[in-house]
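Enquirer: I have a structure here, written as structure tokens, and I will follow up with some questions on it.
The values are calculated or read from the model by the stated rules, or taken from the named source; none is laboratory data. Quick caveat: nothing in here was measured; it's all calculated off a predicted structure. Cβ: placed from backbone, ideal geometry, glycine included. Neighbour counts: every protein chain shown. Calculation scope for accessible area: heavy atoms of the full protein, side chains included, ligands and nucleic acids excluded. Shrake-Rupley method; radii C 1.70, N 1.55, O 1.52, S 1.80 Å.
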Amino acid sequence: MPVFSSLAAFFKRHKRKIIVAASVAISTYFLVNELVIKKFRNFQNSLKQELIFKQQIKQRFIQTQQDCYYTILALLPVLTTPVSDYLPTEVITQALKVKKQPSVSNATAASSTAASLTQDNLQLLDKADTKLQPYVNMSKAELWQKLKIKTITRTLTLAYSITALLLLTRLQLNILARRSYLEAAIQMAGVKPSQPPQGDNQDTYVTEQAYLSLSWWLLNKGWKQIANTIEPLVEARFEAIKPKSELAIGEFSRLLSEVIDDIPATDMTQSLFPTAYDDLMETLANTNPQMIDQLDRPDSGFVKLINETTSIISDNVYCLGLFKSLIHHMLATLQYNLQVNLGEGAMGHSSLLMSSAEDAPPPLFGNDDKKFKLATFLAQLSVQSGVMADNNNIVHQQELENDDQLEGFIASLAQGQAQDQELTGNIYVNTLNDSEELDDFSAGIYSNFE
């Protein structure tokens, strides 16, 4: 046919050009596919992978903070019970009540002994009440003075110790969680880590547990050091104030804040973590004696963890400032609760915390003209000490049951909205745990790769 013969003649005449054009077209296609399309797809995949890793790291960070919160609740009785026993305000209160009771067997003798407990009154007590013996020969005035000092000291010691425990737990767990962060970052970068030696996982576990057990110092020694530091400061501030003296809530809160401000920075660091070598040896002797020989190996992971923690606590001005700021948050919460329980109109708790500046006393608010007797404040402090020691509260347990709720919590944490939520249970621990300053500190520790 003429058409086919003309096409055949055309291809024959332009065979070379057609072959060259086809080769160029095919080469261009493969070149574009390899250099552009595949690279674009690889970029998309790497971007998706990066987003996945970032989300996983973010969730891991949030989970670490939740672990800190549950750890605090678990350790709270371990910390607060010895403090209450060391500063026995209930026993002193009981002694005051007993001194008011008339003697059962000898009413005449009871009415004539106003300065000391009688033997008949002591016989009214159970055998478990032998703790009253040190207060037998004290007068009512002496008992009131001691009750005043011990009650205020116990409240401030609990506020200080709980704050220290939360800060230390956040510091330790975020340092340890950073290892997982680094592993995820290395994997995201496409670098294959070398295989760990046999038994390395077990050694790492033992090291981490030994490192976490160093909180023994705060739970057994540190709180007592700070209690012994606070008590003379309380005596100096409150010595001239009698139980019947009247104070405004703001004035009383200011006095408590001044006591905290008078605590030397060295005492704050020494009570928080065993920074001194002798203290570290004592802690390990009571927790992990087998780890003592690790202290002679500067290259060991255990020593590196200790050195980093000591450096942050002892030499970091920001850490000390944060510590004092968190304690003032506790005092601000105490002031808020005093106003609520004493019937004064109080602003919202979140507003109170937002207006509390770093390293500054709690803000004064409410009716400054309305005053209460110091004895009233002491009774309220006893109640608040019980609230501080309460660990029967899990604030975010139901918020993290599914992915949508987890995302909502992450968003609220990132926007600093956690403290605007209604606080229940132990308002002191919850307020500290939801502090934006503490979250920023945790994030800084978690992402520090130096």
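Enquirer: Would you confirm whether any residue within region 285-308 is touching a Leu at 6+ places or on another chain (Cβ under 7 Å), more than 30 Å from ARG178 (Cβ to Cβ) and assigned to a helix (DSSP H, G or I)?
Expert: No, region 285-308 has no match at all.
Enquirer: Among the residues of region 295-316 satisfying the criterion of being closer than 20 Å to VAL206 by Cα and modelled with pLDDT under 90, which is surrounded by the fewest Cβ atoms within 10 Å (Cβ to Cβ)?
Expert: ASP299
Enquirer: Output the number of the condition that LEU374 fails; it satisfies all remaining conditions of (1) closer than 24 Å to THR163 by Cβ; (2) touching a Ser or Thr at 6+ places or on another chain (Cβ under 6 Å); (3) at pLDDT 75 or above.
Expert: The number of the failed condition is (1).
Enquirer: Taking the residues in region 52-73 that are open to solvent by 70 Å² or more (accessible area, probe 1.4 Å) and modelled with pLDDT of 85 or more as candidates, determine which candidate is farthest from the chain's Cα centre (by Cα). Give the derivation first.
Expert: Of the residues in region 52-73, the ones open to solvent by 70 Å² or more (accessible area, probe 1.4 Å) are 52, 54, 56, 58, 60, 63, 70.
Still in the list and also modelled with pLDDT of 85 or more: 63, 70.
Values: GLN63: 14, TYR70: 10 Å.
If we take residues in region 52-73 being open to solvent by 70 Å² or more (accessible area, probe 1.4 Å) and modelled with pLDDT of 85 or more, then GLN63 is farthest from the chain's Cα centre (by Cα).
Enquirer: Still on this structure, please answer the following. Quick check on this structure: which one of SER253, SER311, SER300 is of a type in the set (Ser, Thr, Tyr) and closer than 20 Å to THR169 by Cα? Even if it seems obvious, please write down each step before you answer.
Expert: Details: SER253 fails: closer than 20 Å to THR169 by Cα; SER300 fails: closer than 20 Å to THR169 by Cα.
Testing whether each residue is of a type in the set (Ser, Thr, Tyr) and closer than 20 Å to THR169 by Cα leaves just SER311.
Enquirer: Spot the failing condition for ALA128; the list is (1) surrounded by 13 or more Cβ atoms within 10 Å (Cβ to Cβ); (2) modelled with pLDDT under 80; (3) assigned to a helix (DSSP H, G or I), and only one is missed.
Expert: Failed condition: (1).
Enquirer: Then there is this: For the list (1) of a type in the set (Asp, Glu); (2) in contact (Cβ under 8 Å) with a residue 40 or more places away in the chain; (3) in contact with a helix residue (DSSP H, G or I) (Cβ under 9 Å, 6 or more places away or on another chain), I need the number of the one condition that ASP262 fails.
Expert: Result: ASP262 fails condition (2) only.
Residue-wise test of (1) closer than 23 Å to TYR86 by Cβ; (2) touching a strand residue (DSSP E or B) at 6+ places or on another chain (Cβ under 7 Å); (3) surrounded by 18 or more Cβ atoms within 10 Å (Cβ to Cβ).
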| residue | (1), (2), (3) |
| --- | --- |
| ILE230 | yes, no, yes |
| ALA236 | yes, no, no |
| LYS244 | no, yes, no |
| GLU251 | no, no, no |
| VAL259 | yes, no, yes |
| ASP262 | yes, no, no |
| THR269 | yes, no, yes |
| PHE273 | yes, no, yes |
| THR283 | yes, no, yes |
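Enquirer: Among (1) outside any loop (DSSP other than H, G, I, E, B); (2) out of contact with any helix residue (DSSP H, G or I) (no Cβ under 9 Å at 6 or more places or on another chain); (3) at pLDDT below 90, where does ASP369 come up short?
Expert: Failed condition: (1).
Enquirer: Would you be able to say whether some residue in region 210-224 is more than 20 Å from TYR160 (Cα to Cα), outside any helix (DSSP H, G or I) and not acidic (Asp, Glu)?
Expert: no
Enquirer: In addition: Have a look at THR93, THR81 and point out the one that is modelled with pLDDT of 75 or more and under 30 Å from LEU168 (Cα atoms).
Expert: Values: THR93 fails: under 30 Å from LEU168 (Cα atoms).
Only one candidate qualifies: THR81.
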